Amino acid sequence: MEDELRSCYEPRIVAPKRAARKSAPRTQRVDTILDVALRLFSEKGFDGATITEIEREAGLKPGTGGFYRHFASKEAAFTAVIEREIARSAARHKDRMRWPRPTFASRRDGMALAFHESLEGFARHEALIRILSREGPRLGNLRQAIRRTMLDQWASREAALIGSGEGGTIEHDDPEALALVVISALSGYHLAGRFFGASYKRVSPDRFAAALADLLCGSTSEEGETNARAGSPARRTEKRRRRAAPPRPSSSRS
């Protein structure tokens with residue numbers, strides 16, 4: 001209400017609002033170009049994606065200079081694409097850390113959900129991952145920024161989850177290395193599905209996340225202590241020996 005009253009007595013503030021409305025289509029056009037460029041760079045690589053193709057699919061008339069009104073070159077657009085994805089990833093991570101975490105019945109359930117969310121993150125960054133695998137050397141310093149935004153943030157999150165999960169902590173001599181093992185398992189699941197078209201035995205993300213949580217919680221403190229003893233190497237060896245041994249003949253009494 002105060003802003004509306006001020007606008008009645010200060011009409012000069014209308015001009016900036018009109019300028020903002022004029023700039024909105026330009027911002028939308030830039031976003032459209034970046035969306036198209038992201039997809040084409042991930043599908044065809046930097047050299048395979050042409051400016052003409054980007055213009056056509058972004059709704060610009062090829063050959064009229066529409067692309068160059070927003071970017072000085074294809075290299076500039078490529079850099080802008082990567083920087084925007086890095087900024088988006090950092091913003092998502094920041095928002096995610098603000099979300100209140102639900103209370104779980106066990107640490108295993110909390111980990112399973114967190115691992116599933118990480119798998120969704122890999123899927124969401126699929127285009128950027130493709131560009132990273134195809135155009136690594138071209139990225140230069142941006143490669144380090146991607147590592148800090150994606151790998152380091154995700155690994156630090158998993159390390160915090162492992163160190164202070166619901167239901168107790170996981171005792172490990174090197175939690176950072178353990179967090180990297182988790183990230184490598186999650187990224188390996190995602191990449192295997194992309195490379196081979198499907199995961200092993202078509203294991204779903206939910207099943208994979210649950211199995212990874214079981215693997216961590218089933219061999220460590222508190223809730224997994226009993227399972228750890230039951231699953232010790234000596235106990236497993238004894239179980240295998242008993243299964244492999246031929247059945248004893250039953251003794252009959254006369």
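We did not get these values from a lab; they are worked out from the coordinates using the rules stated. All of these numbers come straight from a predicted model, not from anything done at the bench. Neighbour counts run over all protein chains shown; Cβ positions are idealised from the backbone, glycine included.
The fewest-to-most ranking of ILE82, ILE51 by surrounding Cβ atoms within 10 Å reads ILE51, ILE82.
If you take all other residues with their beta carbon under 12 Å from the beta carbon of TYR68, and give Lys and Arg +1 and Asp and Glu -1, the sum is +1. Name the shape class, rounded, prolate or oblate, that the alpha-carbon gyration tensor gives for the stretch 75-221, where a ≥ b ≥ c are the square roots of its eigenvalues, rounded holds for a/c under 1.5, and otherwise prolate holds if a/b is larger than b/c and oblate otherwise. The shape class here is prolate.
Coupling constants for the stretch 212-218 follow from the phi torsions by the Karplus curve (6.51 cos²θ - 1.76 cosθ + 1.60, θ = phi - 60°), and in residue order they are 5, 5, 4, 4, 6, 7, x Hz; glycine and proline get x.
When a footprinting reagent is the concern and you count Cβ atoms within 10 Å, what order do THR32, THR149 take, fewest first?
Lowest to highest Cβ neighbour count: THR32, THR149.
Count Lys and Arg as plus one, Asp and Glu as minus one, and take only other residues whose Cβ is under 12 Å from that of GLU126; the net charge is then +1.
When each of TYR189, TYR68, TYR200 is scored by the number of other beta-carbon atoms lying within 10 Å, the sequence from fewest to most is TYR200, TYR68, TYR189. Note that the stretch 45-62 has calculated 3J(HN,Hα) couplings of x, 5, 6, x, 7, 9, 4, 4, 5, 4, 4, 4, 6, 8, x, 9, 7, x Hz, one per residue in order, obtained from phi through the Karplus relation 6.51 cos²θ - 1.76 cosθ + 1.60 (θ = phi - 60°); glycine and proline are x. Among 174-180, 34-40, 155-161, the peptide with the highest mean count of other Cβ atoms within 10 Å heads the list, and the full ranking is 34-40, 155-161, 174-180.
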